[in-house]
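Working notes, structure below.
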Amino acid sequence: MRDLLRHPTGLAGAILLAVVLLAALFGSFLAPHDPQLFHPATRLQGPSASFWLGTDQFGRDLFSRILNGARTTVAFGVSATLLGVGFGAMIGITAGVVGGWIDSLIMRLVDGLLAVPDLLFTLLIVTVLGGGAGHALLAVAVAFTPGMARISRSAVLSVRTREFVQAAVARGESRAYIIGAEVLPNALGPLIVEATIRVSFAIMLGATLGFLGLGAQPPSTEWGLMIAEARQYMFRNPWCVAAPGAAIAIAALGFNLFGDALRDLIDPRGRR
Amino acid sequence: MSTFSINRRQVLAGIAGATALPGLAEAQTATPKPGGILKVSHSVRIAQLNVLQLSGPAEYLAVDMIYSGLTRLDPQMKPQPELATEWTASPDAKTFVFKLRPNVTFHDGSPFTSADVVATFKAILDPATKSPARTVLDMIADITAPDPLTVKFDLKVGNADLPVSVAHANARIVSAAALKEPLINLDTKANGTGPFKIETFDGSRLLKLVKHTGYYRPGKPYLDGVEMYLFPDLAAESANFLSGAMDAMLEVQQADFKRIAAAPGVNALRVPSGRFSNIVMRMDTKPFDDIRVRTAMAHAVDRQMLVDLVLDGLGRPAKDNVIAPGYRYLADTPEVPYDPAKAKKLLAEAGYTNGLKIPLICSNRPAIRSQVGVAVKQMAQPAGFDIDVQTIPHDTYLANVWRKGNFYIGYWGMQATEDAAFTLLFTTDAAFADTAWNNQEFDDLVKKGRSSPDDAERRAIYKQAQELMVRDRPSIIPFFQDVLTASRSHVKNWTSSPLSRTFYVEDVWVQRA
């Protein structure tokens, strides 16, 4: 951890992440106003003493809405990634450990899915399932699965031929034990790094879906949806687009920088 | 024609008087200059040009230029002569005789006769054509042509509104020869009698029209051609209009209207209309079977604030009466003030002492539905309504909620007649009945008003019907939304109408500096 904070990217990422997590955990208590309360007399206004980031088309306080939306947005990114990592790791580790023609078959299928860009894949799934926050989350998780499967398989392959695994095999341990106790703990590092970086993509995908009207729905305070709703008022109060946009950028950047630093630290070649 | 034109302008409330009014004065005094091309932008695709079937906002503008009907509505919603020059009704309003305009030609040069009118109406009445005009014309029992310039309508029941009904946007006259071909040909080809004819049509991008030199009004149209450009992105559409690349915008978004109206060299028009968004409360389900709950909801909505917040002030508060100012037989019904205390009391009397928790379903298209939902949720909170706004995809809404759910947001356009407005949602046999009001007294009044040719008698009957409607409150109609359009100041006489069906582009001319 100390190494991470000494790393300049890591420090920046950790600070941004701390801000975002603080907002996600305590945002609703910190918000100066009710995020859904209308202030009809002060619609579409710029920042002021009582409304720090201005107000939207209903006169709702943008700062309170962003704080309130942090939990939805971050929770979306983290849980979509966890689901994706879970599915992907299961597929990848199975393929890596079992090997043979099953491995080839799974990996060719995964390669096929990898050829489809993430956003396109997500849109396809949401279009089939129908919109809504739950479906959007599932779609992002499914879109992440093939990539995570490939990464976890390569992690497993690099571990599988190591001496301690061969020792376990020689001891006559069961296959489940070998996967759970020997392979998985040693393959976890790259998975965690990849997952951390992926959270930022998940947040951006979630915001994109919200923006396109396929994710969270009004009156939710999800940041992408806030931008979509405010877009037609952009010329009258640029803050209602800029503020949630900056919030998305901070959250995505935080996870991304943190993940980058984490990778540098775990990769032995990157270490000085 | 000139007095008619002035009348029309009077009802169009121009915003930003300083910019709009000089333009108006000039339009009335200056002599129209022939020539020039008008470029119009729109944001919804022209999917087809089959005048008997289409229903898109830009499609209505296209067919208003390409085709003409027997009559056409002026902004006071009175039928004006088009292909028919005059008409007479029998005293019981069951037989109508229309005299047709002589020497009218189609775009291909063939003459227009009563045979074309008969063929068109027969096609509309055929259910296989799937024409939206059929619902307002299905009282026609038979249509015959005694001579080439006369048509006679025999109705099943008396209907004094027939001259208005034949002005329906989907009841414009198609040539009998075109109707002999497969109907699908009408999707892309058009042979009408209107002021403009098709040059190129690309549904994904552009519709190019050129002047029909054989148009029956001498000297019209002034323009050499009209080009309609599709801009799926609203921001791109207003940017192109403001930069001068486009001469007119078919529809301006509320959020953008003030900015566009204030831009130099722009005439922005607000046309008061009867478009509305309503809160549907199905009366055969709990809790809305209790009039006290419905009345509580009515008093829990601040209508003026809704107009200010959702419509940006570009509309008028309504009183749950579907008949908007602008219809011919509007009756004055009482104001519905915002009174959360009264609403709370009514809810308590109905047995909801701790308030009422209920989900309100909004389709995601158009966005105004969920905006109304979100606003109503906030306004109704002090009255004890705990509304959970659920925005769902439009397709899901159509399949699972519309006409099935008991609490959702509807969105409807203005109708041409009181009869059409009543039979759209509110009578027992209404085309899109979703209130479950099913009031026999109301049904009888609507039926009686329909066949009454006497103006005063109709007014009295429709007054009773409207009073019944606000008494029972089958749904909450909180506001009427204006139609918004804009043109550059070198474009003269550009206009729209409360129904957004007639645009009078043949009167438009351009004067570039």
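The values are calculated or read from the model by the stated rules, or taken from the named source; none is laboratory data. Because the structure is predicted, anything quoted here is derived from the model rather than measured. FYI the Cβ positions are ideal-geometry reconstructions off the backbone, even for glycines, and counts take in every protein chain you see.
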Being touching a Lys or Arg at 6+ places or on another chain (Cβ under 6 Å) and among the hydrophobic types (A, V, I, L, M, F, W, C): is that true of A:Ala89 here? no
Among the candidates B:Ala420, B:Ala430, single out the residue that is part of a loop (DSSP other than H, G, I, E, B) and surrounded by fewer than 21 Cβ atoms within 10 Å (Cβ to Cβ). B:Ala430
From the list A:Ala89, A:Ala31, A:Ala23, exactly one residue is within 30 Å of B:Val376 (Cβ to Cβ), of a type in the set (A, V, I, L, M, F, W, C) and either touching a residue at least 40 places away in the same chain (Cβ under 8 Å) or within 13 Å of chain B (Cβ to nearest Cβ) (or both). Which is it? A:Ala23
Going through B:Gly192, B:Gly214 one at a time, which residue ends up being at pLDDT 90 or above, surrounded by fewer than 17 Cβ atoms within 10 Å (Cβ to Cβ) and out of contact with any Cys (no Cβ under 7 Å at 6 or more places or on another chain)? B:Gly214
Filtering helices (runs of 4 or more DSSP H) wholly in segment A:157-239 for at least 1 residues that are closer than 19 Å to A:Ile266 by Cβ and in contact (Cβ under 8 Å) with a residue 40 or more places away in the chain gives A:184-211
Spot the failing condition for B:Phe106; the list is (1) touching a residue at least 60 places away in the same chain (Cβ under 8 Å); (2) under 30 Å from B:Arg328 (Cα atoms); (3) of a type in the set (Phe, Trp, Tyr), and only one is missed. (2)
When (1) surrounded by 18 or more Cβ atoms within 10 Å (Cβ to Cβ); (2) in contact with a strand residue (DSSP E or B) (Cβ under 9 Å, 6 or more places away or on another chain) are applied to B:Ala176, the one that fails is (2)
Pairs, first of a type in the set (Lys, Arg) in segment B:335-360, second in a strand (DSSP E or B), C-beta under 6 Å, six or more apart: B:Lys357/B:Asp386
Count - residues of segment B:366-389 that are in contact with a strand residue (DSSP E or B) (Cβ under 7 Å, 6 or more places away or on another chain) and either closer than 25 Å to B:Asp312 by Cβ or more than 12 Å from chain A (Cβ to nearest Cβ) (or both): 15
Give just the number: which of (1) more than 11 Å from chain A (Cβ to nearest Cβ); (2) of a type outside the set (Ser, Thr, Tyr); (3) surrounded by fewer than 21 Cβ atoms within 10 Å (Cβ to Cβ); (4) touching a residue at least 24 places away in the same chain (Cβ under 8 Å) does B:Asp455 not satisfy? (4)
Give all pairs with beta carbons closer than 7 Å in which a residue from segment B:223-249 that is away from chain A (no Cβ under 14 Å) and β-branched (Val, Ile, Thr) meets a residue that is part of a helix (DSSP H, G or I) and buried (at least 18 other Cβ atoms within 10 Å of the Cβ); count only pairs at least 6 apart in sequence or on separate chains. B:Val226/B:Met65; B:Val226/B:Val505
Being crowded, with 23+ Cβ neighbours inside 10 Å, modelled with pLDDT under 90 and closer than 21 Å to A:Leu191 by Cβ, is that true of even one residue in segment A:96-115? yes
Please verify whether segment A:207-217 includes one or more residues that are modelled with pLDDT of 85 or more and away from every other protein chain (no Cβ under 14 Å). yes
Restricting segment A:34-45 to residues that are of a type outside the set (Ser, Thr, Tyr) and not in a loop (DSSP other than H, G, I, E, B), which is nearest to the other protein chains (Cβ to nearest Cβ)? A:Pro40
(1) buried (at least 16 other Cβ atoms within 10 Å of the Cβ); (2) of a type outside the set (A, V, I, L, M, F, W, C); (3) out of contact with any helix residue (DSSP H, G or I) (no Cβ under 6 Å at 6 or more places or on another chain); (4) under 28 Å from B:Gln76 (Cβ atoms): which one isn't true of B:Gly449, the others all being true? (3)
Boolean, B:Val446 is in a helix (DSSP H, G or I), under 21 Å from B:Phe276 (Cβ atoms) and more than 14 Å from chain A (Cβ to nearest Cβ): yes
Scan segment A:16-28 and give yes if some residue there is under 26 Å from A:Tyr233 (Cα atoms) and surrounded by fewer than 21 Cβ atoms within 10 Å (Cβ to Cβ), otherwise no. yes
Yes or no: A:Ala249 of a type in the set (A, V, I, L, M, F, W, C) and in contact (Cβ under 8 Å) with a residue 24 or more places away in the chain? no
So is B:Lys377 surrounded by fewer than 23 Cβ atoms within 10 Å (Cβ to Cβ) and either touching a residue at least 24 places away in the same chain (Cβ under 8 Å) or not in a helix (DSSP H, G or I) (or both) or not? no
Looking at B:Arg217, B:Arg275, which one is under 23 Å from A:Glu229 (Cβ atoms), in contact (Cβ under 8 Å) with a residue 60 or more places away in the chain and more than 14 Å from chain A (Cβ to nearest Cβ)? B:Arg275
Every residue from segment B:223-271 that is in contact with a Pro (Cβ under 8 Å, 6 or more places away or on another chain) and β-branched (Val, Ile, Thr): B:Val271
Note on segment B:149-173: residues in a loop (DSSP other than H, G, I, E, B), modelled with pLDDT of 90 or more and surrounded by fewer than 21 Cβ atoms within 10 Å (Cβ to Cβ) are B:Leu149, B:Lys156
